[in-house]
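All remarks here apply to the structure that follows.
The values are calculated or read from the model by the stated rules, or taken from the named source; none is laboratory data. Predicted model, so just to flag it, every value in this text is computed and none were measured. Note: ideal-geometry Cβ built from the backbone for every residue, glycine included; neighbour counts use all protein chains shown.
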Amino acid sequence: MFKKKLTNKEKKVIEKIIRFIEKKHHKAEGHDYSHVLEVCKHSIEIGRKIKEEIDPFVLICGALMHDIGRINATTGEFHGIDGGSRAEEFLESLIEDPKTIRKITKIVVKHTPTSMIKPSSPEEKVVFDADALERLGFMGMIRGIMGKKGTMEDIIDDRINKRLKDYDKLFYKESKVQGKKLHQETLKIVQNLKTHLKLRTKDIRKIESYKMILEN
C-alpha cells in the first residue's frame, strides 16, 4: 500500500523523468517507451495492493528509470548495473536527498536477474515483478525475440525456457493474480511454438537427406 500521497514537488520531478525517458526510449528496440509505461502501470497496481508500505515516489521513479541502462548499450547483460550509474547521475540534478536517490538506483540495479543481486525492499520487489509481467503474454514474447542474435530455433528455445520460469519468480501473490491471464496466454504460446519447432526440425531433417533437393 502507498504510505503517502505524492507532493507537488515530487510530481514535478516525475514529469521531468517522464520527458527524459520518453526521449531516450522512443526508438529503443524491444524496451521502448511503451514498455517502460507498462512496467510503471503494473508497479502502481501491485504497489497499491500489497500489505507492505510503499513509497510511491521512489517506486514510480524506479519503474520509469529501470531500463535506462539499455539505451545505446551493445548488450543488455549489465543493463541493471549500468543503469544504476546512469540513473544516479541524472537524478542528482532533480533530487536533493541522497538517500532517496540511492533507493531509486537500487531498484534500477536489482530489477533484473542479470545483476545477480536480489531485490530486498518492497519497491525493488514490486518493480522486479512488474517487469516480469511485461515479459509474459504474446507481446512479451515478441519483445523478447526482438534484437536477439542466433538461429530461430535457439532464440525461441531460449525465450521459452526463460518465460516459463518468470511467473514462479514473482515475489507477491498480488503480482501472480494480476499476471495469471498473461501466464496462461504464455503457456499456450509456448506449446504452439514447441509444436512448430518440432515440425520445423522434422522438415529440416528431410531436406538434409538431399532427396527433396535432388528430386527437384
Positions within the range 118-159 being over 12 Å from the mean Cα position of the chain (by Cα) and crowded, with 19+ Cβ neighbours inside 10 Å, in sequence order: Pro119, Pro122, Glu123, Glu124, Lys125, Gly137, Ile156, Arg159
Unmet requirement for Asp157, which otherwise passes all of (1) without any contact (Cβ under 8 Å) to a residue 12 or more places away in the chain; (2) outside the structural domain of Lys3 (by TED's automatic domain parsing): (1)
Output for the range 50-73, where each listed residue is within 12 Å of the chain's Cα centre (by Cα) and either of a type in the set (A, V, I, L, M) or outside any helix (DSSP H, G or I) (or both): Ala63, Leu64, Met65, His66, Asp67, Ile68
Residue list for the range 16-30, restricted to those being surrounded by 15 or more Cβ atoms within 10 Å (Cβ to Cβ) and either touching a Pro at 6+ places or on another chain (Cβ under 7 Å) or in a helix (DSSP H, G or I) (or both): Ile17, Ile18, Phe20, Ile21, Lys24, His25
Answer from Ser115, Ser121 - the residue that is small (Gly, Ala, Ser), closer than 25 Å to Asp82 by Cβ and modelled with pLDDT of 95 or more: Ser121
Scope the range 120-170; condition in a helix (DSSP H, G or I), among the aliphatic types (A, V, I, L, M) and over 18 Å from Gln191 (Cα atoms); matching residues: Val126, Val127, Ala130, Ala132, Leu133
From the options Leu182, Leu199, Leu164, Leu170, residue that is under 21 Å from Asp131 (Cβ atoms), of a type in the set (A, V, I, L, M) and loosely packed, with under 14 Cβ neighbours inside 10 Å: Leu164
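Conditions (1) farther than 22 Å from Phe20 by Cα; (2) of a type in the set (Ser, Thr, Tyr), marked per residue:
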residue: Ile44; (1), (2): no, no
residue: Phe90; (1), (2): no, no
residue: Leu94; (1), (2): no, no
residue: Arg102; (1), (2): no, no
residue: Pro113; (1), (2): yes, no
residue: Ser120; (1), (2): yes, yes
residue: Phe128; (1), (2): no, no
Members of the range 173-189 that are more than 14 Å from Gly140 (Cβ to Cβ) and among the acidic types (Asp, Glu): Glu174
Residue match in the range 110-123 (condition: among the hydrophobic types (A, V, I, L, M, F, W, C) and not assigned by TED's automatic domain parsing to the domain that holds Asn192): yes
Verdict on Lys49 being under 23 Å from Arg135 (Cα atoms), touching an Asp or Glu at 6+ places or on another chain (Cβ under 6 Å), surrounded by fewer than 19 Cβ atoms within 10 Å (Cβ to Cβ) and not assigned by TED's automatic domain parsing to the domain that holds Phe171: yes
